[in-house]
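Beneath this line is the structure, given in C-alpha cells, with notes to follow.
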Amino acid sequence: MKELPRKVSAPLVRAMKGRGEKIVAVTAYDATFARLLDEGGADVLLVGDSLGMVVQGLQHTLPVTLEEMVYHTRMVARGTQRAHVVADLPFLSYQVSSEQALQSSGALIKDGGAEAVKLEGGVRSAEAVRRVVEAGIPVMGHIGLTPQSVHAMGGFRIQGRGDEARKRLLDDAKALEQAGAYSIVVEGVPAELGKEITALLEIPTIGIGAGKDCDGQVLVCYDMLGLLRGKSPKFVKRFAELGDQVVVATTRYAESVRAGTFPAAEHEFATTTAAEPSRPRKA
Ligand code: KIV
C-alpha cells in the first residue's frame, strides 16, 4: 500500500491536483469520529454545517450558529493528527460584509483550531474570499447545490442544468479561483459539468454528487458509514451499515441488562483493591 504523507495542509491539497492524486474528504463533527476517519486515511476532515441535519436533527443547515461550529471544530481538531481540518462558515456569518467573513473565519481558526474555512457562493462571495485569504486564512469555496440557499433554490435541487445555469457556475468557479480560494467543493451538478469545472480550474475541485472527474470527493460521514438508515440520496455510497449495527448492539445490550447477564463478574469492582482503573485508556 502507498504510504500517506504526514500532515495534510492547504498547500498540499492544492498541490495534489498537479500530482494527479485524488483528494479524500469526509465530514466529521466530534473527536471520536475524527480520530477514526483520520486513521482511515481521509485527507480532509470537513466540519460541515450539515451537522445541523445529521447531529441536531434539523431540516436544513440555516439555524446552525457560529458558536456551534466553533464547538464542533474544536472537538474535531482535538481528534485529528494527519488530516487537514476545514470548518464551514454557517449561514449569515459571512454574507453581511467581508469584515464579518474575516471575523467569523478568525473565530473558527483561533477558537476552533480549524486550518481553513469553507463558504458557499461563487461570484457573490468572491470579495469575502479575497478579504479572508489576504488575512492568511485558506478558503475552500462551495458552488452548485449550496444548502444554505435551500429556499432560493426551491429545495435541494441539482444545479447547472441548461446553458445559462452552466455558464453561471463556470463563472462562479473562476471567480473563486481568482479571489484566492485553494479548492472548491462542487455539489449536486451533472457529471459533465463537474468535469468541465475541474478542467477549467488550476485549483482542485472536491465533488459531492458532481461525478468522478472532480479532483476529489467528499461525503457526509453519517452517509458514508450507513448511520442514516432508509434510502440514501443517489450520489451517496454507503461503505458500511453502522446504523444497523448500532441497533443490533443496543438490542443485545438491552436484552443482557434485562436478563441480568450484564454486568458479569469481570465488569465488577471488588471492595479491597484499587489496582484496576475505572475507565479504559483513550483509544
Ligand atoms: O456541510 C457539509 O457537510 C458540506 C459538505 C456536504 C460538502 O458542505
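The values are calculated or read from the model by the stated rules, or taken from the named source; none is laboratory data. Every value quoted in this text rests on a predicted model; they were computed, and no experiment measured them. Positions of Cβ are generated from backbone atoms using ideal geometry, with glycine treated the same way; all protein chains shown enter the neighbour counts. Each accessible area value is taken on the protein alone, full model and side chains, heavy atoms only, with ligands, DNA and RNA left out. Shrake-Rupley method; radii C 1.70, N 1.55, O 1.52, S 1.80 Å.
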Practice item. Would you mind telling me the share, in percent, of accessible area of segment 1-92 contributed by carbon and sulfur at probe 1.4 angstrom? Key: 57
Practice item. At q = 0.29 Å⁻¹, work out log10 I(q)/I(0) for segment 210-263 with the Debye formula, treating every Cα as an identical point scatterer and leaving solvent out; two decimals please. Key: -1.05
Study note, to complete from the structure: Under the 7 Å Cα-to-Cβ spin-label approximation, Glu68 and Thr273 lie apart by a distance in nanometres of 4.7
Point to revise | Computed over segment 129-230: relative contact order in percent, which uses C-alpha pairs under 8 Å that are six or more apart | key: 24
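Heavy atoms only, probe 1.4 angstrom, no DNA, RNA or ligands counted: give me Val247, Val185 ranked by accessible area, highest first.
Values: Val247 65, Val185 5 Å².
Accessible-area ranking of Val247, Val185, largest first: Val247, Val185.
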Review point. Is there a pair in Lys7/Lys231; Lys7/Lys167; Lys22/Lys110 whose C-alpha atoms are over 32 Å apart, and which pairs would that be?
Key: Lys7/Lys231; Lys7/Lys167
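Quick one: dipole size for the chain, taken about the Cα centre, charges +1 on Lys/Arg Cβ and -1 on Asp/Glu Cβ, in debye to the nearest 20. Walk me through the numbers before you get to the answer.
Numbers: 34 positive and 34 negative charges, 80 e Å.
With only Lys, Arg, Asp and Glu charged at Cβ, the dipole is about 380 debye.
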Point to revise | Karplus-derived 3J(HN,Hα), 6.51/-1.76/1.60, for each residue of segment 229-242, Hz, glycine and proline x | key: 7, x, 6, 8, x, 4, 7, 8, 10, 8, 9, 7, 10, 5
Study note, to complete from the structure: With a Förster distance of 22 angstrom and the Cβ-Cβ distance between Ala152 and Ser97, calculated FRET efficiency to the nearest 0.05 equals 0.65
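Compute, for segment 135-283, the length of the dipole vector about the Cα centre, with Cβ point charges of +1 (Lys, Arg) and -1 (Asp, Glu) only. Units Debye, rounded to 20. Don't jump to the answer; show the numbers that get you there.
Working: 18 positive and 18 negative charges, 70 e Å.
Computed charge dipole of segment 135-283: roughly 340 debye.
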**Study point:** Cα→Cβ-extended label distance, 7 Å offset, between Ala165 and Arg258, nm
**Key:** 5.0
Review point. Computed from the mean reciprocal separation of all distinct C-alpha pairs, what Kirkwood hydrodynamic radius does the chain have, in Å?
Key: 20.1
Review point. Cross-link partners among aspartates and glutamates for Lys212, C-alpha distance below 14 Å, same-chain residues fewer than 8 apart left out?
Key: Glu21, Glu187, Glu192, Glu196
Exercise for review: Compute, for Arg238, the solvent-accessible surface of its heavy atoms (probe 1.4 Å) with the complete set of protein chains present, and express it in square angstrom to the nearest 10.
Suggested key: 70
Check your understanding: Measuring from label point to label point, each 7 Å out along Cα→Cβ, what is the Arg229 to Gln81 span in nm?
Key -> 3.4
Review point. With every protein chain present, what is the per residue accessible area of segment 197-241 (1.4 Å probe, Å²)?
Key: 49
